[in-house]
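Working notes for the structure below.
The values are calculated or read from the model by the stated rules, or taken from the named source; none is laboratory data. The model shown is predicted, which means the values in this text are computed figures rather than measured ones. Note that each Cβ is placed from the backbone with ideal geometry, even for glycine, and that neighbours are counted across all protein chains shown. Surface areas here come from the heavy atoms of the whole protein model, side chains and all, with no ligands, DNA or RNA. Shrake-Rupley method; radii C 1.70, N 1.55, O 1.52, S 1.80 Å.
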Amino acid sequence: MNYFSIEVDNISELKTKLYDEIRRRNISADRVFILAKKPIRKKGFLGIGAKTVYQVWFQILDSQGDSDGRTQTQLKSNNYSAGEYEAKKENDATSSLYKEIDTIKKMLQDVMVDNKKVREIAYSYIKNKESNFEKIKEKMLEKDFPIGFITKILEKVDNEFSEDEKQNFFFIYSKIRDTIAEGIKVTSTDIIINKKPKIVMLVGPTGVGKTTTLVKLALQWGALKKNKFMFFSLDKYRAGASYQLKSFAEIFKVPMVIIKDKETLVNSLQDFGKDNDIIFVDTAGTSPKNTMTINDLNEHIKIMRKYDVFISLVMSAVTKYKDMLDIINRYGVLNYSNIILTKIDETTTYGSSVAALYESGVPLSFVTNGQRVEKDIMSIKPVDLLQMALDDVV
Ligand SMILES: Nc1nc2c(ncn2[C@@H]2O[C@H](COP(=O)(O)OP(=O)(O)OP(=O)(O)O)[C@@H](O)[C@H]2O)c(=O)[nH]1
Ligand SMILES: [Mg+2]
């Protein structure tokens, strides 16, 4: 018994090559049977032009017959004339060979189709994943998320979820939204007065809305909750600033004291502390141009520390990301416990604010969205903030 193999690039070549081989070997087609077939990976020169070919193995039965009984003798046992027999033999042999070739052809085609499918799936996965990530990245950049932050979040998502999940744009979007939201802390916006007086103090750069927000809080926590309250102004440098607060104090019919120095602060706390549930303290915006420095402010805060102090850093949502981080750092010495994000009505891009909150880990207490004292302040859930920040990304 002999064997031979034929290598083909594709199954359509097989028939021609097989008949060439049969002719070359001068054997009858009915002695040839297919034994096995397998794909072989052929290396190209220096790895260039590598390809898969199919190797098909054939068995040549010897002319005396074979154990499977497919012999000429058997064929001869039928009563055919010599001519009929030769024709029949040729037909039978050819048809059985064709059948097997058809079977192989189908199998090989299936293999090829499967390979193609795998390639297509892999390609569409890479394409989808890259395009989804690229799409989200672009959208987040448009929303003012800093590039370093985007990269970090995308890497986090990339590592945490399965390849299948990452092909789905909605899935990536909601995971990114939730991942960032989970990294943003919030603090209770309810006032808790453990010890009287509670001191509520807002600090931050100039013009961010400290005085306006302080008045909004005085309305919420003071007037509406029927707590007895008053104002201190540490903004002694600008006459106008004190008038601004003074006019609100008059509307509320509560006292306002301008704190000129540390001594005035000590005395005023003694004088007014006992009678008030809350003292709302307005501060001057501290900037390099301003005369009140963070250290000045800290000296005053040290005096207030023997009371129950609630200090918020006020930051405008229109501030650039790097400046936000700088502000968060610089004011850190004052040990503020939360951030109030103001002027969210003045921008439609919240990427910088979200990234700054996420990166700093400082809890968010309130957001303010306008100049109206009685209305424009609220608490917000991180996931809602993210919804706003990623608005129309999907
Ligand atoms: N659109 C909008 N404007 C606001 C908001 N909060 C405050 N403002 C306005 O911003 C301007 C500055 O507000 P202030 O409260 O005086 O800011 P400040 O931080 O006390 O400023 P300085 O005392 O100068 O440091 C005012 O015109 C406010 O009406 C807000 O949430 N949205
Ligand atoms: Mg002010």
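For the stretch 162-234, which trypsin sites (Lys or Arg not before Pro) are both in a DSSP coil and crowded by at most 16 other Cβ atoms within 10 Å?
Listed in order of number, the matching sites are LYS185, LYS195, LYS225, LYS226, LYS228.
If I ignore ligands, DNA and RNA and count only protein heavy atoms, how much of PHE161 is accessible to a 1.4 Å probe, in Å² to the nearest 10?
40
Tell me, in nm to one decimal, what length is gained between ASP9 and THR348 on full extension, where the rule is 0.36 nm per residue of separation less the Cα-Cα distance?
116.1 nm
Per residue of the stretch 301-312, what does 6.51 cos²θ - 1.76 cosθ + 1.60 with θ = phi - 60° give for ³J(HN,Hα)? Whole Hz please, x for Gly and Pro, Karplus curve as stated.
Values per residue, Gly and Pro as x: 4, 4, 5, 6, 4, 6, 9, 8, 9, 10, 10, 10 Hz.
Just add up the charged neighbours of LYS196: K/R +1, D/E -1, any other residue whose Cβ is under 12 Å from the Cβ of LYS196.
+1
Applying 1/(1 + (r/R0)^6) with R0 = 25 Å to the Cβ-Cβ distance of SER188 and LYS156, what FRET efficiency is obtained, to the nearest 0.05?
Details: r = 28 Å, r/R0 = 1.11.
According to the calculation, E is roughly 0.35.
Just to be sure I understand the model, the point goes 7 Å from the Cα along the line to the Cβ. What's the resulting ASP391 to LEU35 distance in nm?
7.4
Can you tally the net charge around PHE248? Count Lys and Arg as +1, Asp and Glu as -1, for every other residue whose Cβ sits under 11 Å from the Cβ of PHE248.
Its environment carries a net charge of +1.
Cα-Cα over 29 Å: which of LYS143/LYS302; LYS246/LYS343; LYS253/LYS306; LYS156/LYS375; LYS246/LYS381; LYS262/LYS320?
The answer is LYS143/LYS302; LYS156/LYS375; LYS246/LYS381; LYS262/LYS320.
Net charge near ASP308: determine it from the other residues with C-beta under 11 Å of the C-beta of ASP308, scoring Lys and Arg +1 and Asp and Glu -1. Don't skip to the answer; put the middle values down first.
Values: positive: LYS195, LYS196, LYS198, ARG305, LYS306; negative: ASP277.
Residues near ASP308 contribute +4 overall.
Once you have the Cα-Cα distance between THR293 and GLU138, take 0.36 nm times their residue separation minus that, and quote the gain in nm to one decimal. Each step should come with its number before you reach the end.
On the way: separation 155, 0.36 × 155 = 55.80 nm, distance 3.95 nm.
That works out to 51.8 nm of additional length.
Once a ≥ b ≥ c are taken as the square roots of the eigenvalues of the Cα gyration tensor of the stretch 198-389, is the result rounded (a/c under 1.5), prolate (a/b larger than b/c) or oblate (a/b not larger than b/c)?
The shape class here is prolate.
Just to confirm the filter: which chymotrypsin sites (Phe, Trp or Tyr not before Pro) across the stretch 254-350 are DSSP coil and have at most 16 other Cβ within 10 angstrom of their Cβ? Intermediate results must be reported in sequence, preceding the final value.
Working: sites: PHE272, PHE280, TYR307, PHE310, TYR321, TYR331, TYR336, TYR350; in loops: TYR307, TYR336, TYR350.
Here the chymotrypsin sites (Phe, Trp or Tyr not before Pro) that fit, given the DSSP loop and packing criteria, are TYR307.
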